[in-house]
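Okay, so here's the structure we're looking at.
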Amino acid sequence: MLKSPAANGIIERDETPMEKEIEHLHRVEFEFSDIFYFCRKGFEAIVEDEVTQRFSSEELVSWNLLTRTNVNFHYVSLRLTVVWVIGVIVRYCLLLPLRFTLAAIGITSMIVGTTIVGQLPNSSVKDYLSEVVHLTCSRILVRALSGTIHYHNKENKPQKGGICVANHTSPIDVIILTNDGCYAMVGQVHGGLMGVIQSATVKACPHVWFERSEIKDRHLVTKRLREHVADKSKLPILIFPEGTCINNTSVMMFKKGSFEIGGTIYPVAIKYDPQFGDAFWNSSKYNLVSYLLRIMTSWAIVCNVWYLPPMVRKEGEDAVQFANRVKSAIARQGGLTELPWDGGLKRAKVKDTFKEEQQKNYSKMLVRNGSIGSLSTGTESD
Amino acid sequence: GEIKKETGFSHSQITRLYSRFTSLDKGENGTLSREDFQRIPELAINPLGDRIINAFFPEGEDQVNFRGFMRTLAHFRPIEDNEKSKDQNGPEPLNSRSNKLHFAFRLYDLDKDDKISRDELLQVLRMMVGVNISDEQLGSIADRTIQEADQDGDSAISFAEFVKVLEKVDVEQKMSIRFLH
């Protein structure tokens, strides 16, 4: 059973399950060759594994004239080099200053606009003005990145009192979505420029900003979000359940916390076209400023946004199953592969429970074939 | 050039694998440490993960360079038909059946005394089953296995006995990874 390899794959992985591969060899309980299965799986993982490749930028099949994607391509011809040089000049000397100015205008007007609106007493006029300010500034910022966005299925756009859930590739995702609607942001309070923006916008529109210490308390977080959702006049919350930036080729495990709040979930799938620019933020390699610089010197940001029909938790479905259901829907729409792995593996080590599961499966096979009796836990399994 | 001759990989395969090597090398110093390997989740959850990682590191060393990396990987290159009839004078290729078996043998034989003792077998068994089987049951499995394979009655498995036990097994297929060009 072979899995068809990705276009840029190094090897064809063998997906024969453990049972099939080891079992038919058995005459007695254990064979020396049993280790071959684990051995080969280990080596396949060393050469090419599903997880670590998601934390670095997607490799392109054909070059798009940006040095940063020129990993495996070699010097081809003089003409190509000349074209590339022209490209560099255009990108750095023409596009970059233009975009930078636009971005500056966008951010300044956002801060100024929301501060002014924030002075007004709460009323429907204030909400309307707040929306106008947010949308306009978003549009300016998207222009600043030369963003071309196609929105699909706008009839499914998130409504007030709901929760909007999307796959996460970069901080730009936020701007992409606010370009078409107003959301209440959820996130941590930052210092510096980000903090100024946060404190300004929260006066105009009820975003949910948490102190760093509050984030650790999951119940507190859930409680505040629940209160926000219960108020039907409040804007839909925007959450990225993966918890970290993934490189837009797959969707990783959705953390169940967002799905325990209740309410209606509006899933959104975001897929960037890598030919024009790499939107993925590899936070271990680049800090925010150099990331923004790279974005502003790409050709453009082209992406598709699909609004999926709303989902609610079914009877007897727990948060984890619900999270997986939503994840599948998003992955399918965006053409991304689905992975059960936790995005947190970018920084943390994998839990031992997975290894224990493999050990348990292997033990079952040993016991099943031999005449030793049941496993030492005393249960009569399968 | 040299790596190609020694390992038998093609030029493009070596380039891709070098790319992989550098992406694993977080310290960016041209060598891999044990931590670099353990960062691969699928390897970390493999019951034999630690043994496999050890196979890359030469005796007593903590770092492996690209050449060493390729040499170990070469054991898993599939055997091609045109190689079977190559000249007998040259050194045996790293991915021959015999070398693949030798590699597997070394996974068991920790103290490198060219024998798999009952204890060494028990260690590997324990790694593969975790906590799910009791010591007594595991012990009897080990005893039975050694009994079956042991021919000279020394209660340990030598490399020759190991080869004999596995003579009907398609080692070439089981210990090979399908590389794309």
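The values are calculated or read from the model by the stated rules, or taken from the named source; none is laboratory data. This structure is a prediction, so every number in the text was calculated from the model and none was measured. Here the Cβ is made from the backbone with ideal geometry for all residues, glycine too, and neighbour counts use every protein chain on show.
Exactly one condition in (1) among the basic types (Lys, Arg); (2) without any contact (Cβ under 8 Å) to a residue 12 or more places away in the chain; (3) crowded, with 16+ Cβ neighbours inside 10 Å is not met by A:Lys223; state its number.
Single failed check for A:Lys223: (3).
Can you say whether A:Thr222 is among the β-branched types (Val, Ile, Thr) and under 20 Å from A:Phe322 (Cβ atoms), as far as the supplied structure shows? Walk me through it before giving the result.
Working: among the β-branched types (Val, Ile, Thr): yes; under 20 Å from A:Phe322 (Cβ atoms): yes.
So A:Thr222 passes the test.
Residues in the range B:8-20: is at least one under 18 Å from the mean Cα position of the chain (by Cα), at pLDDT 80 or above and within 30 Å of A:Glu356 (Cβ to Cβ)?
No, the range B:8-20 contains no residue that is under 18 Å from the mean Cα position of the chain (by Cα), at pLDDT 80 or above and within 30 Å of A:Glu356 (Cβ to Cβ).
Which one of the conditions (1) farther than 30 Å from A:Gly87 by Cα; (2) in a loop (DSSP other than H, G, I, E, B); (3) not aliphatic (A, V, I, L, M) does A:Phe259 fail to meet, given that it meets all the rest?
(2)
Filter the range B:158-179 down to residues that are within 8 Å of chain A (Cβ to nearest Cβ) and touching a residue at least 12 places away in the same chain (Cβ under 8 Å), then give me how many there are.
Matching residues across the range B:158-179 total 9.
Out of B:Phe76, B:Phe105, I need the residue that is surrounded by 14 or more Cβ atoms within 10 Å (Cβ to Cβ), facing chain A (nearest Cβ under 8 Å) and within 22 Å of B:Val163 (Cβ to Cβ). Which one?
B:Phe76
Got at least one residue in the range B:147-159 being on the phi < 0 side of the Ramachandran plot, surrounded by fewer than 20 Cβ atoms within 10 Å (Cβ to Cβ) and among the β-branched types (Val, Ile, Thr)?
no
Residues being part of a loop (DSSP other than H, G, I, E, B) and more than 12 Å from chain A (Cβ to nearest Cβ): count how many of those fall in the range B:117-149. Even if it seems obvious, please write down each step before you answer.
Within the range B:117-149, the subset part of a loop (DSSP other than H, G, I, E, B) is B:117, B:130-134.
With the extra rule that they be more than 12 Å from chain A (Cβ to nearest Cβ), the set shrinks to B:117.
Qualifying residue count, the range B:117-149: 1.
So is B:Asp81 modelled with pLDDT under 85 and either hydroxyl-bearing (Ser, Thr, Tyr) or farther than 30 Å from A:Thr353 by Cα (or both) or not?
Yes.
Could you check, for the range A:239-260, whether at least one of its residues is over 22 Å from the mean Cα position of the chain (by Cα) and buried (at least 18 other Cβ atoms within 10 Å of the Cβ)?
no
Give the residue that is farthest from the other protein chains (Cβ to nearest Cβ), with candidates limited to residues of the range B:28-57 that are small (Gly, Ala, Ser), surrounded by fewer than 20 Cβ atoms within 10 Å (Cβ to Cβ) and more than 15 Å from the chain's Cα centre (by Cα). Walk me through it before giving the result.
Restricting attention to the range B:28-57, the residues satisfying the condition of being small (Gly, Ala, Ser) are B:30, B:33, B:44, B:49, B:55.
Among the residues that remain, those that are also surrounded by fewer than 20 Cβ atoms within 10 Å (Cβ to Cβ) are: B:30, B:33, B:55.
Now restrict to residues that are more than 15 Å from the chain's Cα centre (by Cα): B:30, B:33.
Working: B:Gly30: 17, B:Ser33: 14 Å.
Selected residue: B:Gly30.
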